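Contents: one structure, followed by commentary.
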């Protein structure tokens, strides 16, 4: 069964909202303060917010499918939409999520390879992301995939100030 991905459009808004909420809840609800988590969810995954992001030419969402079933998604930010570096030679991987039922099947690895290919095709020098410092499984996954820590920045879930590791993958050695 072949995995595929496609760029989301405004017509995918409702599906994107549902998937974003589902995967974020699966990943982080149990390890956050309920009030802060609810506040974050209402802001980050509101219809207004995700519509604005879908319409931003520097932000791109992609659904990952298998036999027409959506298994996960990722979001890439370029230029001024990047949350930190704002480097025109880079792409930020802001979100990458696989539904819990499909985790452990190397789908995340496949997604990351597609993301690297997108960045190379756009002549970017590096790919970077932020990952919660307490998300040890994700950090191991990124390190295994060739990412290296280059900094830290705060990330707020509601009023809870958390710290993200900034991690970078050098694309220079990948061949088109």
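Laboratory data are not the source of any read-out in this text; all were calculated from the coordinates shown. Treat the numbers as computed from the prediction; the structure is a model and nothing was measured. Every residue, glycine as well, gets a Cβ built from its backbone with ideal geometry; the counts of neighbours run over all protein chains shown.
Suppose the chain between residue 88 and residue 173 were pulled fully straight at 0.36 nm per residue; how much longer would it get relative to their current alpha carbon spacing?
On the way: separation 85, 0.36 × 85 = 30.60 nm, distance 1.84 nm.
Contour length minus the Cα-Cα distance gives 28.8 nm.
Could you grab the relative contact order for segment 3-170? Cα pairs under 8 Å, six or more apart, rounded to a whole percent.
19 percent
Take the Cα of residue 145, step 7 Å along the line toward its Cβ, and report every residue of segment 1-27 whose backbone nitrogen sits under 20 Å from that point.
Residues passing the 20 Å test: 2-8, 19-27.
At 0.36 nm per residue, minus the direct Cα-Cα distance, what do residue 17 and residue 35 gain on full extension? Give it in nm, one decimal, please.
Full-extension gain reported as 4.5 nm.
How long, wide and thick is the chain, going by the Cα atoms along their three principal axes, in whole angstroms, largest first?
Between the extreme Cα coordinates on each principal axis of the chain lie 46, 38, 32 Å.
Alpha carbons only, please: Rg and Dmax for segment 42-115, in angstrom.
Taking only Cα atoms of segment 42-115, I get Rg and Dmax of 13.4, 37 Å.
Could you work out how much longer the chain between residue 109 and residue 161 gets when fully extended? Use 0.36 nm per residue separation minus the Cα distance between them, nm to one decimal.
Numbers: separation 52, 0.36 × 52 = 18.72 nm, distance 2.90 nm.
Taking residue 109 through residue 161 to full extension adds about 15.8 nm, to one decimal.
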